[in-house]
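Worksheet for the structure shown next.
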Amino acid sequence: MGGSPLSVATRAGAQRLGLQELLTAVQAAQGRMPSGITVRSESAAPVAFDLGRERTLFVNPYTGQLLGEESPKLRAFLSEVEDFHRWLGLSAGQRASARTITGACNLTS
C-alpha cells in the first residue's frame, strides 16, 4: 500500500467489503459507533469514518484495515473556520447576537 491514507492499492477483480463489515472493524478497533461514513466512488479511495467532530479514520475498503486518521491540527483549524463563518468568532454565550446579525444579512441578500 502507498504511504497516504488517501489512496489504497487495488488488485484487478478485488471486491470491496460491505459497509457492515467495515463498520464492525471500526467499532472493534475504537470501541464506539462512528457518527458518519463517507464512501467515495474512486476504487483506490479509503472509506472515512467520523468519530464525532474530533476524529476521522480512514479504512481500506478491501481489507477493513485501519489506515490512519485525519490530522488533528487540520480538524481543529477547519472547526475554527466553521465557527467563525457561522458565529462570527463569538463564544457560545454570545451566539444569539451572531444569529441576529447573520439572519439580518441573509434577509437583505
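Each residue of region 97-104 in order: what ³J(HN,Hα) in whole Hz does its phi give by Karplus 6.51 cos²θ - 1.76 cosθ + 1.60, θ = phi - 60°, with x for Gly and Pro?
5, 5, 4, 5, 5, 5, x, 5
What full-extension length gain, to one decimal in nm, is calculated for residue 15 and residue 41 as 0.36 nm per residue of separation minus the Cα-Cα distance? The partial results should precede the final answer.
Working: separation 26, 0.36 × 26 = 9.36 nm, distance 1.33 nm.
Difference between extended and current length: 8.0 nm.
Contact order normalised by length for the chain, with contacts defined as Cα pairs under 8 Å and 6 or more residues apart; what percent is it?
On the way: 125 pairs, mean separation 20.5, N = 109.
Here the relative contact order equals 19 percent.
Label-point separation (nm) for residue 6 and residue 32, each offset 7 Å from Cα along Cα-to-Cβ?
2.7 nm
For Cα extents along the principal axes in Å, several values are listed as [x] 38, 24, 22; [y] 42, 40, 25; [z] 55, 31, 25; flag the one computed from this structure.
Step by step, Cα extents along the principal axes in Å for this structure corresponds to label [z].
Can you give the net charge of the other residues whose Cβ lies under 13 Å from the Cβ of residue 70, counting K and R as +1 and D and E as -1?
In short, +1.
Volume per residue, Å³, of the convex hull around the alpha-carbon atoms of region 19-70?
On the way: hull volume 3.7 nm³, N = 52.
Expressed per residue, the convex hull around the Cα atoms of region 19-70 is 72 Å³.
No value in this document is a laboratory result; all are computed from the given coordinates. Every value quoted in this text rests on a predicted model; they were computed, and no experiment measured them. Virtual Cβ from ideal backbone geometry, glycine too; neighbours counted across all protein chains shown.
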